[in-house]
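One structure is given below, encoded as structure tokens.
The values are calculated or read from the model by the stated rules, or taken from the named source; none is laboratory data. Source: prediction; values computed, not measured. Neighbour counts run over all protein chains shown; Cβ positions are idealised from the backbone, glycine included. Heavy atoms of the whole protein, side chains included, go into the accessibility calculation; ligands, DNA and RNA do not. Shrake-Rupley method; radii C 1.70, N 1.55, O 1.52, S 1.80 Å.
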Amino acid sequence: MEILEEKIPCFGFFNVYALRVNLSIAIVDMTDFKNITLDNGTIRKMREFNWDTKLQGYILSSFFYGYITTPLIGGYLAAKLGGKTIFGIGIGATAILTILTPWLATLNGVTYPAVHDIWSRWAPPKERTRLATIAFSGSYVGTVVAMPVSAYLLRLSDGRASFIFLVIGNTTKDIE
């Protein structure tokens, strides 16, 4: 097995978790009051999304609600269609939906069972543990890298949270 092939799932999980983390950073800015100057010169304190803390909690937890069902669906589909296909679709759909995150929730629960299917079919039995470790380590690295990158993008865009979703979503989409 080539080195690149064994690292692809790691990069995939890196992308999935980078996409997941950006909302945690962006929601703070999206719901923060900012001074807005109206056409008539009046300054008002407004926020992009008027979400109370309860709604913010639902939005942030939607990822985990999806994780209740999508691994079951992903495992079934990976067994039927192949892990490689489902893994690619899961990451691609997550990237596209991340661009639309302020309006839609993400779908990436299918990626874990898809990688298990990939390694069960392709990896020699004695290498499965090592390959799974490499693949799943991408989720931790993606989280660690995406937190400061999302904060930097927010600062770079002068507080436009949608910029985070566009940059990270498009970067990930292009990688896949």
Item to check | Within the stretch 6-35, tally of residues that are open to solvent by 70 Å² or more (accessible area, probe 1.4 Å) and in contact with a strand residue (DSSP E or B) (Cβ under 9 Å, 6 or more places away or on another chain) | outcome: 2
Next on the checklist: Restricting to the stretch 155-165, name every residue that is buried (at least 20 other Cβ atoms within 10 Å of the Cβ) and of a type outside the set (Phe, Trp, Tyr).
Outcome noted: Ala161, Ile164
Next on the checklist: If I ask for residues that are of a type in the set (Ser, Thr, Tyr), within 24 Å of Val115 (Cβ to Cβ) and modelled with pLDDT of 75 or more, which ones from the stretch 139-174 would you list?
Outcome noted: Ser139, Tyr140, Thr143
Checklist entry - From Ile91, Ile96, Ile68, Ile43, which residue is of a type outside the set (Asp, Glu), under 22 Å from Tyr140 (Cα atoms), at pLDDT 70 or above and loosely packed, with under 12 Cβ neighbours inside 10 Å? => result Ile68
Next on the checklist: Just to be sure I understand, how many residues within the stretch 72-95 are under 13 Å from His116 (Cα atoms) and in contact (Cβ under 8 Å) with a residue 60 or more places away in the chain?
Outcome noted: 1
